[in-house]
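*Asks:* Below are the structure tokens for one structure; questions will follow.
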């Protein structure tokens, strides 16, 4: 097969048709698209999206001849040339073995009975999950067992987040707050992490932890960061990736930090997060062979004058230049930062953006 980088409209149209013929959608946000040709016909393709291999499809005529492995290997080579040291790939559960044979490590595998969909997440590279787990385990030294946990994006840190964390802290011997590290929100990660750390510094039993690549990231829960196109499968796809992220959490995060409970606030606005919460309540409390049951405690969203407080509401008010109303929805640490010089470019970005994150 002849390998070629796809850039022309004609090539991309052929690629789209090949993906559709295999029941796949174009991933979007591709940094590199490769095509493999036989006698001038596109017979295999794959893309690099950040550090994730996506959109791998092989023509039915050559299926079973090792073409998918060729595509994956070529993409890994391109990623390494770009300095990427951790690479993820999704596969159907029954096809995970072929990528393990290429040196990928299986991280999690799920099947959602209600939709009939399944997925496996695999990883390749020297900077893998074992190194992350070793570094993260240090945090749990001398901490009480069966700790509580909260996973937040805090885009930005609001009074709603603060009330949830206060409740979780008051009902846990120790509480780990995971801040989503994926830098695809309007408020940068370093700002979000700092505001949460400073805004919870008065709570004596709290540790704030970067989520890293394994807790609600573009690899474990990609639909959190993108708008899924309307269609019959959109909800099912969200459920599938929510299940994958939750499987990662209970399989890899829970044991190293000895977590027994996950706290969450109700979600009245974001449909993706709402689906995630429902999947959390369905999956985590049920023990599996190698995963213990995790309690899920959902508390009502904090209200301000009868309206739920949310980060999306804060961003909308910023867009509308209604900063006087923002002050009522955020802790002092957030309000102080919003009025600093550092906040100016972020506020301008929010006012020009319609991103849901």
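Each reported figure results from applying straightforward, stated rules to the coordinates on display, with no laboratory input. Computed from a predicted model, the values in this text were never measured in an experiment. Here Cβ is always computed from backbone atoms with ideal geometry, including for glycine, and neighbour counts include all displayed protein chains.
*Asks:* Suppose we keep just the DSSP beta bridges with both residues in the chain; what percent of those would be antiparallel, to 5?
*Replies:* Values: 31 of 51 bridges.
Close to 60 percent.
*Asks:* Ranked highest first by average number of other Cβ atoms within 10 Å, how do 188-201, 327-340 line up?
*Replies:* For the peptides 188-201, 327-340, the packing ranking is 188-201, 327-340.
*Asks:* On a 0 to 90 degree scale, rounded to 10, what angle separates helix 234-248 from the longest Cα axis of the chain?
*Replies:* So the inclination is approximately 70 degrees.
*Asks:* Please give the calculated 222 nm ellipticity per residue for the chain, where each DSSP H segment of at least 4 residues contributes -39500 (n - 2.57) and the sum is spread over every residue; nearest 500 deg cm²/dmol?
*Replies:* Working: 13 runs with 126 residues, N = 357.
-10000 deg cm²/dmol, from helical runs alone.
*Asks:* With label points built 7 Å along Cα→Cβ from the Cα atoms of residue 288 and residue 41, find their separation and express it in nm.
*Replies:* 4.0
*Asks:* Another one. Of 234, 169, 218, which has the largest mean-square fluctuation in a 10 Å C-alpha GNM of the chain?
*Replies:* Highest fluctuation of the listed residues: 234.
*Asks:* Quick one: compute the contact order of the chain, relative version, from alpha carbon pairs under 8 angstrom and 6+ residues apart, as a percent.
*Replies:* That works out to 13 percent.
*Asks:* Continuing with the same structure: Taking 8 Å as the Cα distance limit and 6 or more residues as the minimum spacing, I'd like the relative contact order of the stretch 2-127 as a percentage.
*Replies:* In percent, rounded to a whole number, it is 18.
*Asks:* Taking the chain as the region of interest, what is the percent of Cα-Cα pairs per 10 angstrom bin, listed from the shortest bin to the one with the maximum distance?
*Replies:* Reading the bins upward from 0: 5, 23, 30, 24, 13, 4, 0.
*Asks:* A follow-up question, please. Which shape class applies to the stretch 2-127: rounded if a/c is under 1.5, otherwise prolate when a/b exceeds b/c and oblate if not, where a ≥ b ≥ c are the square roots of the Cα gyration tensor eigenvalues?
*Replies:* Details: a/c = 1.62, a/b = 1.21, b/c = 1.34.
Oblate, since a/c reaches 1.5 and b/c is not below a/b.
*Asks:* In terms of the Cα gyration tensor, with a ≥ b ≥ c the square roots of its eigenvalues, is the stretch 59-203 rounded because a/c is under 1.5, prolate because a/b exceeds b/c, or oblate?
*Replies:* prolate
*Asks:* For the chain, take the longest principal axis of its alpha carbons; what is the angle in degrees between that and the long axis of helix 67-81, to the nearest 10 within 0 to 90?
*Replies:* Its long axis makes an angle of about 60 degrees.
*Asks:* I've got another one for you. Treating the angle as unsigned and between 0 and 90°, give the value, to the nearest 10°, between the Cα long axis of helix 189-199 and the longest Cα principal axis of the chain.
*Replies:* Relative to the chain, helix 189-199 is tipped by roughly 20 degrees.
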